[in-house]
Amino acid sequence: MGKLIQCGSCIAKEPYHFRLTKTNVYSIEEVCYYIRHNIYMMQEEVFDREFALWLRNELHMDKTADKMEKLINDHHNIKDIVVTICCICDYYDDDEINELIRIIDELDKLPKYARRKYKGDNYLNCQSYEKAIEEYEKIFESDEILQADSGVYGDIFHNMAVAYVNMGEFHKASDYFLQAYEKNNREKSLFQCLSALRMCKDVERFKKVVKDLDISQEKQNEWEKKYTRAMEICSTNRASKQIEKLRILLKNGQVEEYYDKVHGYIIEWKNEYRRQISV
């Protein structure tokens, strides 16, 4: 059974917002809880001067804010920051804090390119697609990737393609999926490449890829069924239902309501897009 911990610290009137995961916290105990359950995506920039200011103004933890500002100014690593925060209160015992330190140390032992990929993957999982692409591109801008095998290249290209798909850039996505397949030889990357080409209706390139890679008719039929199932699932999501509702309103001549809905949906989609590209 878990232990019951009483949170005795000050509760903030205004929360601190962890932009990467879009999470609000109101107390130092909640910050500690957040760290432990997101330890694999902890990065130095998660805790900036804005965080130190929040500690000072909202939680009235002046001494802790001073320590955080010094750590930030001196460019200390994430382990120092995590230990400082988790030792502030009694939310975690020594064994639990040592476990966090062990995980951070393990991540630090990874090659530089692998740490950067890990960071990009975290952005991707949190739907921060532009940030994910930025991290992946930084890997290829340096010599660090030369340490990796072709499979790692393929994985990075594949994840970049996934980010572009979610941003609606299907042509770019198809290019990266194809590069991924050339490096990792995984059917998943090739299938996604052809699917992206179908999404952007590039029939000629679709046919060229099928011909150049000599994809059998049997495999094409299998992927056709898979693509159809995926499209059926997509047709039931919220955005698809909203678009279908607009079609019905326009068909029924409800023009005023149609434009009211269009305006509302556009605002909603813009806000969602901004959340995806901001951190």
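The values are calculated or read from the model by the stated rules, or taken from the named source; none is laboratory data. Keep in mind that what you see is a predicted model, and the values were worked out from it rather than measured. Every residue, glycine as well, gets a Cβ built from its backbone with ideal geometry; the counts of neighbours run over all protein chains shown. To get the accessible areas, we keep the full protein, side chains included, count just its heavy atoms, and leave off ligands, DNA and RNA. Shrake-Rupley method; radii C 1.70, N 1.55, O 1.52, S 1.80 Å.
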Could you derive backbone 3J(HN,Hα) for the stretch 130-139 from the dihedral phi with the Karplus parameters 6.51, -1.76 and 1.60 (θ = phi - 60°), listing whole Hz in sequence and x where the residue is Gly or Pro?
5, 5, 4, 4, 4, 5, 4, 5, 4, 4
Net charge, T228 excluded, C-beta distance under 12 Å - Lys, Arg +1, Asp, Glu -1:
+1
Give the aspartates and glutamates reachable from K79 as a straight Cα distance under 16 Å; neighbours fewer than 8 places away on the same chain don't count.
E44, E45, D48, E69, D94, D95, E96, E99, D105, E106, D108
For T23, list long-range residues whose amide hydrogen, built 1.01 Å from N in the peptide plane, is under 5 Å from its own amide hydrogen.
F18
In terms of the charge dipole of the stretch 21-96, which places +1 on Lys and Arg and -1 on Asp and Glu at the beta carbon, the residue among N38, I72, V82 farthest towards the positive end is I72
Note down the nm distance, to one decimal, between modelled labels 7 Å out along Cα→Cβ at N73 and at K270.
4.1 nm
With -39,500 (n - 2.57) per DSSP H segment of 4 or more residues and division by the full residue count of the chain, the 222 nm estimate, nearest 500 deg cm²/dmol, is -22000 deg cm²/dmol
Multiplying the sequence separation of K13 and D143 by 0.36 nm and subtracting their Cα-Cα distance, what value in nm do you get?
42.1 nm
The chain - accessible surface per residue (Å², probe 1.4 Å):
61 Å²
In square nanometres, what is the average projected area of the Cα convex hull of the stretch 156-232?
4.7 nm²
Inverse of <1/r> over all distinct C-alpha pairs of the stretch 94-249, i.e. the Kirkwood Rh in Å, gives 17.6 Å
Per-residue HN-Hα couplings for the stretch 189-202, Karplus 6.51 cos²θ - 1.76 cosθ + 1.60 at θ = phi - 60°, whole Hz, x for Gly and Pro?
5, 5, 4, 5, 4, 5, 5, 5, 5, 5, 5, 9, 6, 8
Tell me the carbon and sulfur percent of the accessible area for the chain, rounded to whole percent, probe radius 1.4 Å.
50 percent
Taking a ≥ b ≥ c as the square roots of the Cα gyration tensor eigenvalues, with a/c under 1.5 meaning rounded and otherwise prolate when a/b beats b/c, else oblate, which class fits the stretch 1-111?
oblate
So what J values fall out for the stretch 28-42 if you push phi through Karplus, 6.51 cos²θ - 1.76 cosθ + 1.60 with θ = phi - 60°, rounded to Hz, Gly and Pro as x?
5, 5, 5, 4, 4, 4, 4, 4, 4, 8, 10, 4, 6, 10, 5
